[in-house]
């Protein structure tokens, strides 16, 4: 079946530094990848999405590129802010009409001053 | 304003009591979902609803049932709640299933004592 792997459970870093959150996936279908962000005690919200191979997509300073050759969709930001502290989920839609999105376990990002 | 509304936000129930979690959306989305979120386990799909009276079990349906009598409203019912059902429950909706991003509600924090 389809799966999404996020290798880091927790990432801690200082304000102003770059960050990359890893996301890899497995599917036999054509993938559509999403990143969701969930701030403390809030609902997950869509951050960005892509189904186009090797094309960078950006939103709110975050960016990601879907690489079908390596089954990856890593999330990056050049300079994190305190407000970026949140839980980040990678999710996969792969023509699984029965179950919707497949989510990774999430990566918690904590940014310190 | 397009949104998913969950009621109540916080709920404390005794073991064995029945629990009703309500979810509404104002986007005429066909598909709605119930997830639970536990630390380290990510978002686990409980039920998915494709439209009125068209529901399907997700990954962890045991102990839960759902009802969808109107497109904009999707309920999660716990008959005789158990302490291991203490969790944060999220409702979500999407326009379709394949390659559709979700709109999440703000969640219901349920404590079963």
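Here are the numbers for the structure shown:
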{"item": "Search result, residues across the stretch B:1-14 that are surrounded by fewer than 13 Cβ atoms within 10 Å (Cβ to Cβ) and at pLDDT 95 or above", "result": "B:10, B:12, B:14"}
{"item": "Every residue from the stretch B:86-113 that is free of Cβ contacts under 8 Å to residues at least 60 places away in the same chain and over 14 Å from residue B:23 (Cα atoms)", "result": "B:86, B:87, B:98, B:99, B:101"}
{"item": "Single match in B:108, B:86 (criterion: under 20 Å from residue A:41 (Cβ atoms), buried (at least 16 other Cβ atoms within 10 Å of the Cβ) and more than 13 Å from the chain's Cα centre (by Cα))", "result": "B:86"}
{"item": "Unique match (being touching a residue at least 24 places away in the same chain (Cβ under 8 Å) and at positive phi) among A:78, A:93, A:110, A:71", "result": "A:71"}
{"item": "Residue A:92 vs. criteria more than 8 Å from chain B (Cβ to nearest Cβ) and within 21 Å of residue B:36 (Cβ to Cβ)", "result": "yes"}
{"item": "Every residue from the stretch A:6-26 that is crowded, with 19+ Cβ neighbours inside 10 Å and assigned to a loop (DSSP other than H, G, I, E, B)", "result": "A:6, A:23"}
{"item": "Residue in the stretch A:82-103 that is farthest from residue A:34 (Cα to Cα), counting only those that are within 17 Å of the chain's Cα centre (by Cα), outside any strand (DSSP E or B) and at pLDDT 95 or above", "result": "A:83"}
{"item": "Test: residue in the stretch A:30-51 that is away from chain B (no Cβ under 12 Å) and surrounded by fewer than 20 Cβ atoms within 10 Å (Cβ to Cβ)", "result": "no"}
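The values are calculated or read from the model by the stated rules, or taken from the named source; none is laboratory data. What you see is a predicted model; the values in this text were computed from it and never measured. So basically every Cβ, Gly included, is an ideal-geometry build from the backbone, and we count neighbours across all protein chains shown.
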